[in-house]
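The values are calculated or read from the model by the stated rules, or taken from the named source; none is laboratory data. For clarity, every value in this text was computed on a predicted model and none was experimentally measured. No Cβ is skipped: glycine too gets one built from the backbone with ideal geometry, and neighbour counts run over all protein chains shown. Note: accessible area is taken over every heavy atom of the protein model, side chains too, but ligands, DNA and RNA are not part of it. Shrake-Rupley method; radii C 1.70, N 1.55, O 1.52, S 1.80 Å.
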Amino acid sequence: MNIRKEEKSDYEQVFELIEKAFENEEYSDRREQFLVERLRKSDDFVPDLSIVFEMNGLIVGYVLLTKIKINHSDFSYDSLALAPVAVLPNYQGNGIGGHLIEFAHKKARELGFESIILLGHPTYYPKFGYRKASDFDIQLPFDVLDENCMAIELVEGALKNVNGMVEYPKEFYQ
């Protein structure tokens, strides 16, 4: 088992992993692998936050954190988006996604990031400390259920005085 930064030589394997991981997901457009390709080319891509989980030379899991903004009328606050986290179907349910999320949190803190926003399953992410984004008065720019919009403070109190609308990189909308 090895959790490490993704390398360019991993791109094809990661593309296929993401494609397989989401092919039967009910709330997926099944295009997450293309989003990752676009984000890698964006100014908001942080190479150290593109992370793979490897077992016996096979990449079985992946997580990506990308820079975003939380905009208020008076200020803009830097944050990260978690999207996607993916595990090959045959390896799901073994804690790989959780290991990736915890590793990504640690790495993001080391790089000076203080919070993460995500859109995801309301019963899964709270295990890692995520709360509804609305608890922080943070809104996402699309119509989704409040319980699926979540945030975490990587540094205690980081979102205490932050509120506003999340601004995703344009690559999320292409």
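A few points about this structure:
- Both the radius of gyration and Dmax for the chain are 15.3, 50 Å, in that order, over alpha-carbon atoms.
- Each stretch of four or more DSSP H residues adds -39500 (n - 2.57); spread over every residue of the chain, this sum gives -6500 deg cm²/dmol at 222 nm.
- Cα-projected label distance for E147 with N94, points at 7 Å along beta-carbon direction, nm: 3.1 nm
- GNM flexibility winner over the chain from S115, S73, S134 (Cα, springs under 10 Å): S73
- Exposed loop sites here are GluC sites (Glu not before Pro) assigned a DSSP state other than H, G, I, E or B and surrounded by at most 11 other beta carbons within 10 Å; excluding them, the longest clear run of the chain is 27-155.
- Paramagnetic reach from N24 in the stretch 54-89 [backbone N under 15 Å; point 7 Å along Cα→Cβ]: 87-89
- About its Cα centre, the chain has a charge dipole of approximately 300 debye under the convention of +1 per Lys or Arg Cβ and -1 per Asp or Glu Cβ, with nothing else charged.
- Highest GNM mean-square fluctuation among Y77, Y124, Y11, for the chain modelled with Cα contacts below 10 Å: Y124.
- Max mean-square fluctuation residue, GNM over the chain, Cα-Cα springs under 10 Å, options A108, A158, A21: A158
- Net lengthening on full extension, Q139/F34 (0.36 nm per residue, minus Cα-Cα): 35.3 nm
- Note on K127 and S42: with the Förster distance fixed at 25 Å, the Cβ-Cβ geometry gives a FRET efficiency of about 0.30.
- Rounded percent of accessible protein surface that carbon and sulfur make up, the stretch 1-148, 1.4 Å probe: 46 percent
- With protein chains left intact and a 1.4 Å probe, residues in the stretch 2-172 average 52 Å² of accessible area per residue.
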